[in-house]
Amino acid sequence: MRKISIFGATGSIGQNTIDLITRDMDSYDVVALTGGQNIAQLAKDARQLRADVAVTADPIRLQELRDALTGSDVEAAAGAEAIAEAAARPADWVMSAIVGAAGLRPGLVALEQGATLALANKESLVTAGALIMGTAARSKGHILPVDSEHSAVFQGLVGEDMDAVERIIITASGGAFRDWSLEDMAKATPEQASSHPNWNMGQRITIDSASMFNKALEVIETKEFFQCPHEMIEVLVHPESMVHALVGFSDGALMAHVGPPDMRHAIGYALHHPERRKLPVERLDLAKIGTLNFRTPDLKRYPALRLAHDVLQAGGHAGAVFNAAKEIALDGFIDHRVGFLQMAEVVEEVLDRLSGSQCLKIDEMTLDTVTETDHLARKTAREVIAELNR
Ligand code: NDP
Ligand code: MG
């Protein structure tokens, strides 16, 4: 039986992972499940999957979790330390699906103990690409991408030589506002940005899809995971979300990964890798679909894409600044304190203000330097937002 843990089990990726696991329960021995505020779901899944331990990120909710687990053998725990302790428990395969920068530490701990890390938490590679890839190289653990575009590129590279790769193209649906005017985008509300035309995902990533901050994070993620020059990475708007990525080779061939917009494909690929197993996803009928569309993204509508390349050019801790500023700007948008298009202005201003800072010049990346940069960028972003609202 494979020992597995799921970090962020109560979220969209976590629930899709549990959907696959419960179809084949006898193959898995579940070590840890973690969640945040959704205690009822966490307790229900921990009971059903007979996890050793269930952890909520929120220490105030520990008693509630204990009560919900009464009569079961599942241990209850709470807080960031407890999540890190759960990640240190030996497991063969660990799903990293906590949202935001909080996902970095458990992923690092899981890699250190030699697990295969199925990485959905894109913030890990964005904030600390060198650290997480370095940890994977040093430890017995290794990383498999779960973000659909990166899983698609990974699959396109099987058996290929990276030296023969000329281009990596990731696609973007264009999100909720792909056909809106710039004036309408400026007035967009969180409610409008929270519904995605193709994918069913958590609220934050759905809003990030509408602003293409999600794609910007993915451009950085691509560079860090595949260790390619950032000039090689392109983004194409593809409204149907069927082609997830394309790899362009030096002989002119483009290998496209085509599939339904269902995260259970990428999760299942990482779960069964290096095998391919039957997955419960729709089989596409291309004749019925008929047409697939592609267009170049308009950088005026999606300034986040331009910022991603600035971040990659700057290197070092710029990714941590970008991600932290984006998270605070997104909080501001959700709370109606920051306009939809202002999110990119806030992030750009924070990158500018911190470009000369000592904190960004640290050569060696550690969890402490990343955390310190993250805090500084959040503080700066709050200042920038306060100035906007003055
Ligand atoms: P959700 O918001 O649906 O779920 C997030 C999970 O993290 C939940 O289990 C949540 O708990 C938990 N959580 C929230 N805050 C904290 C915290 N501070 N500490 C520990 N746990 C916390 O997100 P998604 O599943 O959509 O996304 C998860 C990650 O995967 C993100 O990094 C996202 O960018 C990435 N991703 C997601 C895709 C998707 O299709 N959804 C596609 C590709 C990548 P609770 O809900 O109980 O509060
Ligand atoms: Mg993606």
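The values are calculated or read from the model by the stated rules, or taken from the named source; none is laboratory data. Here the structure is a predicted model, which is why all the values come from computation and not from measurement. In this analysis, Cβ positions are derived from the backbone assuming ideal geometry, glycine residues included, and neighbour counts consider all displayed protein chains. Surface accessibility is based on the protein's heavy atoms, side chains included, excluding ligands, DNA and RNA. Shrake-Rupley method; radii C 1.70, N 1.55, O 1.52, S 1.80 Å.
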Handout entry: segment 115-256: Lys pairs at Cα distance under 25 angstrom, eight or more positions apart or on different chains
Key = 6
Practice task
Determine the sum of side-chain charges near Lys3: Lys and Arg each +1, Asp and Glu each -1, restricted to other residues whose C-beta is under 13 angstrom from that of Lys3.
Solution key: 0
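What number, in percent, do you get for the relative contact order of the chain if the mean sequence gap of Cα pairs under 8 Å and at least 6 apart is divided by its residue count? Mind dumping the intermediate values first?
Values: 727 pairs, mean separation 54.1, N = 390.
It comes to 14 percent, rounded to a whole number.
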Problem - Ranking by accessible area, most exposed first, for Lys223, Lys44 with a 1.4 Å probe - result: Lys44, Lys223
Exercise for the section: Please sort 133-146, 284-297, 183-196 by packing, taking for each peptide the average over its residues of neighbouring beta carbons within 10 angstrom, highest first. Expected result: 133-146, 183-196, 284-297
Exercise for the section: Take every Cα pair under 8 Å in segment 177-300 that's 6+ residues apart, average their separations, divide by the length, and report that relative contact order as a whole percent. Expected result: 19
Exercise for the section: For segment 320-327, just list the computed ³J(HN,Hα) in residue order, Karplus coefficients 6.51, -1.76 and 1.60, θ = phi - 60°, integers in Hz, with x standing in for Gly and Pro. Expected result: 5, 5, 4, 5, 5, 5, 5, 5
